[in-house]
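To start, the structure itself, in structure tokens.
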Amino acid sequence: METALNQIKLARRVTDIRVSPSVAAAQKARELKAAGRDIVDLTVGEPDFDTPDAIKQAAINAIRTGDTKYTPVNGTTALREAIRHDFATRLGIACGLDGICVGGGAKQILFLALMATVEAGDEVIVPAPYWVSYPDMVIANGGTPVIVACGEAEGFKLTPAALEAAITPATRWLVLNSPSNPTGAAYREDELKAIGAVLERHPHVFVLCDEIYDRFWYAGFPARSIISVMPGLAGRALVVNGVSKSHAMTGWRIGYGAGPKPLIDAINKLQSQSSSCPSSISQAAAAAALTGEQGPVAEMVALYRQRAEWACARLNGIDGLSCREPDGAFYLFPNCAGLMGKTTPEGKTIGNDLDFVIYLLESVGVATIHGAAYGLEPYFRLSIATSMETLEEGCERIARACSALR
Ligand code: PLP
């Protein structure tokens with residue numbers, strides 16, 4: 001068996017991509033913990049809260065009442081109706097039930113959207129810092145990611161000029177993730193309008209709006225989707241969302257998208273030949289999540305906000321670090337440029353952000369992810385989806401490690 005596996009020739013679409021660096025970092029932290037090391041794990045990109053009880057109960061009811069069979073490929077009517085209502089009332093996005101697809105997580109919807117549209121020679125614009133999966137999803141589907149650096153001076157956001165410069169006749173998509181993983185930066189209405197104006201000049205470019213964190217919102221300005229401020233772009237946008245983060249349901253695997261019917265049909269066609277449909281039980285739970293009492297979501301968001309404010313202030317008090325306040329999501333992306341070139345007590349030089357996160361892990365047992373994994377150095381990402389005690393302990397240790405550098 002082993003020999004046969006060793007002889008398998010893997011396809012380029014596999015050999016050309018990486019295992020997600022955040023998954024690898026979380027795995028490393030788990031291994032060190034299992035080996036008895038005292039690790040404060042700040043790598044995790046999922047809520048530390050349990051799925052609210054009412055949602056679990058909806059899943060139990062689905063099991064008891066025999067809602068345990070294949071569903072329509074594009075998801076149950078109940079769930080699509082709940083999504084339609086959520087998009088309309090929260091974001092002002094109008095779509096019909098046949099303009100919505102449901103899959104095994106937002107990740108799967110994004111992947112299928114690219115699979116449905118991207119071929120060799122096609123380009124996808126990915127603003128950096130980016131969620132680690134975007135470039136690899138593009139590569140896995142034969143396309144070329146075009147990375148556009150969005151520095152801290154621009155609030156880690158894509159400017160209209162940078163977008164204009166990146167568009168070529170081969171551009172198929174712009175990926176717009178707001179609020180962003182890893183920076184927490186979100187686009188304001190005027191910024192969305194300016195980006196939309198560029199897209200209007202290039203009708204061959206579609207926009208992939210990943211708004212999975214849009215309920216985790218701390219900014220003083222309102223949460224908007226580019227489609228709500230530029231409805232004219234609706235014919236060439238896919239708005240992607242899901243319940244993983246918002247309702248602490250990462251393991252249930254439900255994500256969805258709303259977009260033009262030909263694109264939704266293509267995504268459904270691919271799903272019909274791959275997974276058939278997402279779990280019927282998870283769909284029942286997700287419908288309950290979207291239509292039920294939203295109190296638990298508001299409570300979770302209030303706690304994330306408290307943690308973000310506290311941790312950001314704490315990190316800004318550490319010599320050599322500076323941290324921009326996130327507008328949303330549940331990550332901080334501190335700048336560690338002030339520590340580059342310094343020396344550890346063991347005599348090693350911190351030459352880049354990977355050296356720094358390895359130093360944090362080895363010297364004080366704090367697991368984070370280096371900025372280069374997200375396409376921008378020298379930064380590191382830490383997740384605030386962890387208890388306040390863990391966050392306090394993690395920040396104390398980071399402070400200790402930074403003050404030991406010379
Ligand atoms: N989009 C972004 C920006 C994410 O950070 C993640 C998860 O980390 C996802 C999508 C995937 O979400 P889901 O669990 O719905 O697949």
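The values are calculated or read from the model by the stated rules, or taken from the named source; none is laboratory data. Please read all numbers here as calculations on a predicted model, not as lab measurements. Glycine gets a Cβ as well: all are built from the backbone with ideal geometry, and neighbour counts include every protein chain shown.
Data for the structure
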read-out: Only one of T183, T171 that is of a type in the set (V, I, T) and crowded, with 20+ Cβ neighbours inside 10 Å; value: T183
read-out: Candidate set from region 43-81 (those that are of a type in the set (A, V, I, L, M, F, W, C) and within 16 Å of the ligand (Cβ to nearest atom)); member that is surrounded by the most Cβ atoms within 10 Å (Cβ to Cβ); value: L79
read-out: Residue match in region 310-317 (condition: outside any helix (DSSP H, G or I) and under 28 Å from G155 (Cα atoms)); value: yes
read-out: Residue satisfying condition, being surrounded by fewer than 20 Cβ atoms within 10 Å (Cβ to Cβ) and either of a type outside the set (D, E, K, R) or assigned to a helix (DSSP H, G or I) (or both), within set P326, P345; value: P345
read-out: Residue in region 171-181 that is outside the structural domain of A372 (by TED's automatic domain parsing), out of contact with any helix residue (DSSP H, G or I) (no Cβ under 8 Å at 6 or more places or on another chain), part of a helix (DSSP H, G or I) and under 25 Å from E119 (Cβ atoms) present; value: no
read-out: From the options L10, L32, residue that is farther than 23 Å from G242 by Cβ, loosely packed, with under 15 Cβ neighbours inside 10 Å and not assigned by TED's automatic domain parsing to the domain that holds E119; value: L10
read-out: Unmet requirement for V243, which otherwise passes all of (1) touching a strand residue (DSSP E or B) at 6+ places or on another chain (Cβ under 6 Å); (2) β-branched (V, I, T); (3) under 27 Å from S383 (Cα atoms); value: (1)
read-out: Residue that is surrounded by the most Cβ atoms within 10 Å (Cβ to Cβ), among those in region 361-374 that are aliphatic (A, V, I, L, M) and out of contact with any Ser or Thr (no Cβ under 6 Å at 6 or more places or on another chain); value: V366
read-out: L382 being buried (at least 18 other Cβ atoms within 10 Å of the Cβ), more than 20 Å from the chain's Cα centre (by Cα) and either touching a residue at least 40 places away in the same chain (Cβ under 8 Å) or not in a loop (DSSP other than H, G, I, E, B) (or both); value: no
read-out: Some residue of region 328-344 being more than 19 Å from the chain's Cα centre (by Cα), within 23 Å of L405 (Cα to Cα) and among the β-branched types (V, I, T); value: yes
read-out: Residue count, region 59-79 (criterion: part of a loop (DSSP other than H, G, I, E, B) and β-branched (V, I, T)); value: 5
read-out: Residues that are within 16 Å of the ligand (Cβ to nearest atom) and closer than 24 Å to R172 by Cα, drawn from region 214-229; value: S225, I226
read-out: Residue tally, condition within 30 Å of T168 (Cβ to Cβ) and in a helix (DSSP H, G or I), over region 80-136; value: 17
read-out: Residue ID - farthest from the ligand (Cβ to nearest atom), chosen from residues in region 254-269 that are of a type outside the set (A, V, I, L, M) and under 21 Å from the mean Cα position of the chain (by Cα); value: G259
read-out: Residue satisfying condition, being surrounded by fewer than 19 Cβ atoms within 10 Å (Cβ to Cβ) and either on the phi < 0 side of the Ramachandran plot or not assigned by TED's automatic domain parsing to the domain that holds Y331 (or both), within set A106, A88; value: A88
read-out: Options E396, E377; residue that is surrounded by fewer than 22 Cβ atoms within 10 Å (Cβ to Cβ) and under 23 Å from R37 (Cβ atoms); value: E396
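Results for (1) within 16 Å of the ligand (Cβ to nearest atom); (2) in contact with a strand residue (DSSP E or B) (Cβ under 9 Å, 6 or more places away or on another chain); (3) modelled with pLDDT under 95, shown as yes or no for each residue.
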{"residue": "R84", "(1), (2), (3)": "no, yes, no"}
{"residue": "R90", "(1), (2), (3)": "no, no, yes"}
{"residue": "G104", "(1), (2), (3)": "yes, yes, no"}
{"residue": "Y134", "(1), (2), (3)": "yes, yes, no"}
{"residue": "G142", "(1), (2), (3)": "no, no, no"}
{"residue": "A149", "(1), (2), (3)": "no, yes, no"}
